[in-house]
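Participant: My questions will all concern the structure given below.
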Amino acid sequence: MKIRIIGSVGSGKTTLAKKLSEMEGISYFETDRIVWKREQIEVRRTDSEKNELLKQIINQPNWIIEGVHIEPWAMGSFTQADIIIFLDLPKHQIRYQLIKRQIKQLLRIESAHYPIRLKMLKQMFYWDNLFDSKTKPIIQNKRMEEPQKWLTIKKKSEIKKILQTISNRDIV
């Protein structure tokens, strides 16, 4: 099974990928970790490095890839996926989740790959708006190419149903 998850920052992509990974026994990968080398300092990978890393992942028999990236280097994850899950949650839900995440990180309940500051929360709100204006139209076009592969989640309460649907699917 090959699953691609896309949605705005704070939509729950990583949480869903972790649940599916545990449920199906499939490794999951974050596109952020394809874009960034995270060692002592973060370094952006070159396009050829990203292409090579993604190629290694999508050549595996099973995978879950989650991330907001829809640039040309990431397109193979969409074409190779058996299922594409689009987390299209309402803006108020995403904003709530972003604020909740920031509080958890400030309290050190959850770790972060970035400095925990109000400036970063504002940046995430900006990225969420950018997702709506730039990425959603691209997603709408991609969905029309192979609509049978796409599952759209509009409310957090639909996630349980989607998990059952995937678990009951007969995909090889």
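Participant: So is residue 60 assigned to a loop (DSSP other than H, G, I, E, B), at pLDDT below 95 and polar (S, T, N, Q) or not?
Facilitator: no
Participant: Then there is this: Kindly indicate which of 45, 95 is touching a residue at least 60 places away in the same chain (Cβ under 8 Å) and over 15 Å from the mean Cα position of the chain (by Cα).
Facilitator: From the options 45, 95, the qualifying one is 95.
Participant: In segment 57-74, which residues are touching a Lys or Arg at 6+ places or on another chain (Cβ under 6 Å) and more than 11 Å from residue 4 (Cα to Cα)?
Facilitator: Answer for segment 57-74, where residues must be touching a Lys or Arg at 6+ places or on another chain (Cβ under 6 Å) and more than 11 Å from residue 4 (Cα to Cα): just 73.
Participant: Given segment 65-172, what helices (runs of 4 or more DSSP H) lie entirely inside it while holding 2 or more residues that are among the charged types (D, E, K, R)?
Facilitator: 91-106, 118-130, 136-145, 159-168
Participant: Follow-up. Which of the following residues is at positive phi and at pLDDT below 95: 95, 169, 108, 117? Talk me through it step by step, then tell me what you get.
Facilitator: Details: 95 fails: at positive phi; 169 fails: at positive phi; 117 fails: at positive phi.
After ruling out the rest, the residue left standing is 108.
Participant: Report yes if some residue within segment 77-88 is among the small types (Gly, Ala, Ser) and either within 26 Å of residue 24 (Cα to Cα) or under 16 Å from the mean Cα position of the chain (by Cα) (or both); otherwise report no.
Facilitator: Looking for residues that are among the small types (Gly, Ala, Ser) and either within 26 Å of residue 24 (Cα to Cα) or under 16 Å from the mean Cα position of the chain (by Cα) (or both), one finds at least one in segment 77-88, hence yes.
Participant: Which one of the conditions (1) more than 22 Å from residue 142 (Cα to Cα); (2) in contact with a Ser or Thr (Cβ under 9 Å, 6 or more places away or on another chain); (3) among the aliphatic types (A, V, I, L, M) does residue 54 fail to meet, given that it meets all the rest?
Facilitator: The number of the failed condition is (1).
Participant: Taking residue 26 as the residue in question, decide whether it is in a strand (DSSP E or B) and not hydroxyl-bearing (Ser, Thr, Tyr). Working first, answer last.
Facilitator: Details: in a strand (DSSP E or B): no; not hydroxyl-bearing (Ser, Thr, Tyr): yes.
For residue 26, the condition - in a strand (DSSP E or B) and not hydroxyl-bearing (Ser, Thr, Tyr) - is not met.
Participant: Within the bounds of segment 119-127, is there any residue that is touching a residue at least 60 places away in the same chain (Cβ under 8 Å), open to solvent by 100 Å² or more (accessible area, probe 1.4 Å), out of contact with any Pro (no Cβ under 9 Å at 6 or more places or on another chain) and over 19 Å from residue 75 (Cβ atoms)?
Facilitator: Of the residues in segment 119-127, the ones touching a residue at least 60 places away in the same chain (Cβ under 8 Å) are 124, 127.
Narrowing further to those that are open to solvent by 100 Å² or more (accessible area, probe 1.4 Å): 127.
Next cut, out of contact with any Pro (no Cβ under 9 Å at 6 or more places or on another chain) only: 127.
Among the residues that remain, those that are also over 19 Å from residue 75 (Cβ atoms) are: 127.
Yes, segment 119-127 has at least one match.
Participant: Looking at segment 5-18, is at least one residue outside any strand (DSSP E or B), surrounded by fewer than 16 Cβ atoms within 10 Å (Cβ to Cβ) and in contact with a helix residue (DSSP H, G or I) (Cβ under 8 Å, 6 or more places away or on another chain)?
Facilitator: No, there is no match, as no residue in segment 5-18 is outside any strand (DSSP E or B), surrounded by fewer than 16 Cβ atoms within 10 Å (Cβ to Cβ) and in contact with a helix residue (DSSP H, G or I) (Cβ under 8 Å, 6 or more places away or on another chain).
Participant: Which of the residues spanning segment 65-112 are open to solvent by less than 80 Å² (accessible area, probe 1.4 Å), out of contact with any strand residue (DSSP E or B) (no Cβ under 8 Å at 6 or more places or on another chain) and among the hydrophobic types (A, V, I, L, M, F, W, C)?
Facilitator: 73, 74, 75, 94, 98, 99, 112
The values are calculated or read from the model by the stated rules, or taken from the named source; none is laboratory data. Keep in mind the model is a prediction, meaning the values are calculated, not measured. Every residue, glycine among them, receives a Cβ derived from its backbone with ideal geometry; neighbour counts consider all protein chains shown. Surface accessibility is based on the protein's heavy atoms, side chains included, excluding ligands, DNA and RNA. Shrake-Rupley method; radii C 1.70, N 1.55, O 1.52, S 1.80 Å.
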